[in-house]
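Worksheet: the structure to be examined is printed underneath.
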Amino acid sequence: MPRAFATGYKPHSGDMMVYGGGVVTLIGVLAAFVNGTPAFFLLSLAGTFCAFYFRPTLDNRRPQLGADVNGLYVARFGKIPWSRVADIHVEHHALRTMRLATLVIVPKGTIAEAVETPETLRLVERLTARNARAKNGVIRVPLHALAMDPVEVETRLRALRKAAG
């Protein structure tokens with residue numbers, strides 16, 4: 001029997017954007033006070049928005065993707081039973097020296113029909129970064145930002161789907 005799994009972001013995957021945004025905020029505020037020019041506050045606003053937007057990438061304990069014999073879980077979408085998944089595969093790309101992988105989930109019908117238990121989000125969570133995206137009725141989950149190896153994710157997903165029937 002294949003083992004269930006859940007994986008979140010890699011540790012430190014969002015550090016540069018969040019902490020860098022905080023540094024830009026501080027530089028903008030200091031420059032505004034030193035120069036006496038309020039235009040530098042715009043720089044600090046850009047840094048603040050950047051840090052706010054990428055804040056979820058710091059939380060590596062919250063799962064972004066998971067699966068068991070009953071179905072799979074995609075953060076911001078919810079639980080999708082295997083019976084409502086038409087196709088699932090991983091696309092591998094190479095960008096110079098980086099190897100990127102994206103999980104592609106094609107549901108039977110619309111995404112709203114396929115999601116059995118939709119995840120409820122607060123307004124603040126709706127405005128921040130997300131790992132999975134939906135476009136043209138397909139859910140795409142970039143795996144390179146997740147802690148689990150993309151090949152292991154693909155292997156386990158295939159085994160769990162096969163075990164589910």
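The values are calculated or read from the model by the stated rules, or taken from the named source; none is laboratory data. Everything quoted here is computed from the prediction, not taken from an experiment. Because the Cβ atoms are built from the backbone with ideal geometry, glycine has one as well, and the counts that use them run over all protein chains shown. Side chains are part of the model used for accessible areas, which takes the heavy atoms of the whole protein and leaves out ligands, DNA and RNA. Shrake-Rupley method; radii C 1.70, N 1.55, O 1.52, S 1.80 Å.
The table that follows gives values for the structure above.
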{"item": "Segments classed as strands (runs of 3 or more DSSP E), wholly inside region 48-165, with at least 3 members that are open to solvent by 50 Å² or more (accessible area, probe 1.4 Å)", "result": "85-95, 133-135"}
{"item": "For LEU95: the one exception among (1) out of contact with any His (no Cβ under 7 Å at 6 or more places or on another chain); (2) at pLDDT 95 or above; (3) within 22 Å of MET16 (Cα to Cα)", "result": "(2)"}
{"item": "Scan of region 12-38 for residues that are open to solvent by less than 80 Å² (accessible area, probe 1.4 Å) and closer than 22 Å to ASN131 by Cβ, ordered by number", "result": "SER13, GLY14, ASP15, MET17, VAL18, GLY20, GLY21, GLY22"}
{"item": "Among (1) closer than 30 Å to GLY137 by Cβ; (2) open to solvent by 50 Å² or more (accessible area, probe 1.4 Å); (3) out of contact with any Pro (no Cβ under 7 Å at 6 or more places or on another chain) - the single one PHE41 does not satisfy", "result": "(1)"}
{"item": "The lone exception for LYS10 - which of (1) farther than 20 Å from PHE52 by Cβ; (2) out of contact with any strand residue (DSSP E or B) (no Cβ under 9 Å at 6 or more places or on another chain); (3) not hydroxyl-bearing (Ser, Thr, Tyr) it fails", "result": "(2)"}
{"item": "Subset of region 120-142 [within 13 Å of ALA101 (Cα to Cα) and in contact (Cβ under 8 Å) with a residue 60 or more places away in the chain]", "result": "ASN131, ALA132, VAL141"}
